[in-house]
Amino acid sequence: MAAKLRKFLLRYYPPGIILQYERDGVMKQKPIDLLDLTPDVDVEVLLSQIIRQEPLISENRRPALRQLIHRLIDKMMEQQHHSFTLFKRCSSRHVASKDSEDFVWGREVLRAHILPLTNCAFNKSGDRFITGSYDRTCKVWNTFTGEEIFTLEGHKNVVYAIAFNNPYGDKIVTGSFDKTCKLWDAYTGQLYYTLKGHQTEIVCLSFNPQSTIIATGSMDNTAKLWDVETGQERATLLGHRAEIVSLGFNTGGDLIVTGSFDHDSRLWDVRTGQCVHVLSGHRGEVSSTQFNYAGTLVVSGSIDCTSRLWDVRSGRCLSVKQGHTDEVLDVSFDAAGSKFVSASADGTARLYHTLTGVCQHTLVGHEGEISKVAFNPQGTRLITASSDKTCRLWDCETGDCLQVLEGHTDEIFSCAFNYEGDFIITGSKDNTCRIWKALTASSQPGVPGGHGVRPTTAFSYND
């Protein structure tokens, strides 16, 4: 039976269109990635190219497709956020103060964890975020009200690694120094499974984009793959000779990359659990790894002061990026994969053009090491979290520092944008997590109890 197109779904970041089609009574999806889309594109030429290359799309779909392309371009042309203000502070003790940092629009400081935080993360829609802590718990928060929704309790040691199953956002996974990982319902706090098998602390984890597999990395030199539906172990990835501190899936979910203190990164086949390539070349521990969106490249950072770009198909090192004078602590691609950044203990970040390999900007201004870096979804802004107690907002085109987010009283170890790029969360060793809102923010509280992506992030066309 021939496939029949049923619906177009719009994906803003990175730009693309999802085709929802039916074959043999089963609904399936197929992406059309538009990673190189720019506002000055010739839309009619692009439409002709898509229709010519995609059998599911006939010429009579041109008007609907044109509308979608213009929606993507309009999104690109929206006003960029230049300045953020403190929206909410979540702290380890209850404070009532008239200080402007503690009251924004009359909102009060909340009680949070009783011990320092370890990490923080948004769900895709940005209406909720989570914080992990040395107090052995993970808390779920409402972004727009700053209120704690509930606490995930049960671990017997530090909750170190946490994640939502984005883009769905209905599950949370927590990894702990108690050697276990726990899978939770993000809306009720119900515990689904406790994943047991690692011999030592779990320090990194991730859902695959399809939300069917969880990967965990441990100080026991192994990574494990777990089935989300059953909670059963699917595979143990053996081969590293030291702790695994970084891991992540590619967009297709069929490959995973791991970074280790044995100086190597490895690419693994998720289906078989076999190592596909060993990415060797760093002369020190690997601190961070990531696929680009297309899944063709991996970037790795190391304490040898360099970052490296790798070809996924061959496992070959394409380039070595030098320039930092101290350890590289974090690396990241932007959503489309056209840029990547390295953050260092030397207090600087270096922004590169992926295709040319040219360092476009060295971001200078912090007075301490940068441990975390993140792009906004549009790829136009960058935030850096530092031990100097500040987070800085940078313009990716000019390299200028647009704003210094001040107020934390100890080093900041985590930072993230929400899906729209108009909220930022920062986590600090001062036991607080702060929510920063763009002065031009468009995000609004979602429908109470709603479990899906807000309407501003998706658009559909029915056949």
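The values are calculated or read from the model by the stated rules, or taken from the named source; none is laboratory data. Just so we're clear, the structure is a prediction, and the values are computed from it rather than from any experiment. Heads up, the Cβs are rebuilt from the backbone with ideal geometry, glycines too, and the neighbour counts pull from every protein chain shown. Side chains are part of the model used for accessible areas, which takes the heavy atoms of the whole protein and leaves out ligands, DNA and RNA. Shrake-Rupley method; radii C 1.70, N 1.55, O 1.52, S 1.80 Å.
Net length available on complete extension from Asp185 to Ile18 is 57.4 nm, with 0.36 nm assigned per residue and the Cα-Cα distance removed.
Are there any GluC sites (Glu not before Pro) in region 318-369 that are in a DSSP loop and have at most 10 other Cβ atoms within 10 Å? List them by number. Loop-located and lightly packed - Glu367. The 3J(HN,Hα) values that the Karplus relation (6.51, -1.76, 1.60; θ = phi - 60°) gives for region 390-398 are, in residue order, 10, 10, 10, 9, 10, 8, 5, 6, 9 Hz. Gly and Pro appear as x. The share of accessible area on the chain that comes from carbon and sulfur is 47 percent, using a 1.4 angstrom probe.
Counted residue by residue at 0.36 nm each, then reduced by the alpha carbon distance between them, the extension gain from Asp400 to Thr200 reaches 67.7 nm. Electrostatic tally near Pro116: other residues with Cβ closer than 9 Å to its Cβ, Lys and Arg +1, Asp and Glu -1, net -2.
In this simple spin-label approximation, Val320 and Asp74 carry label points 7 Å from Cα along the Cα→Cβ vector, and these lie 5.0 nm apart. Each Lys or Arg adds one and each Asp or Glu subtracts one; over the other residues with Cβ under 15 Å from the Cβ of Val331, this totals -3. Using Cα pairs under 8 angstrom and six or more residues apart, how large is the relative contact order of the chain, in percent? Relative contact order of the chain: 12 percent.
Annotation for region 224-283 versus region 340-408: alpha-carbon center distance of 28 Å. Couplings 3J(HN,Hα) for region 169-177, derived from phi with the Karplus relation 6.51 cos²θ - 1.76 cosθ + 1.60 (θ = phi - 60°), are x, 9, 9, 10, 10, 10, x, 10, 5 Hz, where x marks Gly and Pro. Taking a Cβ cut-off of under 11 Å around Ser319, the surrounding Lys, Arg, Asp and Glu residues balance to a net charge of +2, with basic ones at +1 and acidic ones at -1. Looking at the chain, the accessible area is 42 square angstrom per residue; that uses a 1.4 Å probe and ignores ligands, DNA and RNA. Distances between placed amide hydrogens fall under 5 Å for Tyr293 paired with Gly337, all partners being 5 or more residues away or on another chain. Computed from backbone phi with θ = phi - 60° and the Karplus coefficients 6.51, -1.76 and 1.60, the 3J(HN,Hα) list for region 249-254 is 8, 7, 4, x, x, 9 Hz; x is used for glycine and proline.
Does the chain come out rounded, prolate or oblate, given a ≥ b ≥ c as the square roots of the eigenvalues of its C-alpha gyration tensor, rounded meaning a/c under 1.5 and, failing that, prolate meaning a/b above b/c? Rounded, because the longest to shortest axis ratio a/c is under 1.5. How much length is gained if the chain between Asp40 and Ser280 is pulled fully straight, taking 0.36 nm per residue apart and subtracting their Cα-Cα distance, in nm to one decimal? Residue separation times 0.36 nm, minus the Cα-Cα distance, leaves 82.3 nm. In terms of its Cα atoms, region 255-367 spans 46, 29, 18 Å along the principal axes, sorted from long to short. Measuring nothing but how far apart in sequence close Cα pairs (under 8 Å, 6+ apart) lie, relative to its length, region 4-77 scores a relative contact order of 26 percent. Over region 4-77, all Cα pairs binned in 5 Å intervals from 0 give whole-percent P(r) values of 3, 15, 29, 27, 16, 7, 3, 1, 0, listed from short to long. Principal axis analysis of the Cα atoms in region 297-439 yields extents of 44, 30, 25 Å, listed in decreasing size.
Around the amide H of Thr306, modelled in the peptide plane, lie the amide H atoms of Val328, all under 5 Å away and 5 or more residues distant in sequence or on another chain. Charge dipole (Cα centre; +1 on Lys/Arg Cβ, -1 on Asp/Glu Cβ; no other charges) of region 297-439 amounts to roughly 480 debye.
Model label sites at Ala242 and Ala2, defined 7 Å from Cα along the beta-carbon direction, differ in position by 5.8 nm.
Each Cα pair under 8 Å and six or more residues apart adds its sequence gap; the mean of these over the residue count of region 297-439 is a relative contact order of 14 percent. Given H placed 1.01 Å from N in the peptide plane, which residues other than close sequence neighbours of Leu405 have an amide H under 5 Å from its amide H? Long-range HN contacts for Leu405: Cys391, Arg392, Leu393. Toward the positive end of the charge dipole of the chain, with +1 on the Cβ of Lys and Arg and -1 on the Cβ of Asp and Glu, the farthest Cα among Thr289, Thr230, Ser371 is that of Thr230. Here Asn60 and Glu148 are evaluated by their C-beta separation; at R0 = 35 Å the FRET efficiency comes out at 0.10. Put a plus charge on the Cβ of each Lys and Arg, a minus charge on the Cβ of each Asp and Glu, and nothing anywhere else: the dipole of the chain about its Cα centre is then about 1080 debye.
DSSP finds beta bridges in the chain, and of those with both partners inside it, around 100 percent are antiparallel.
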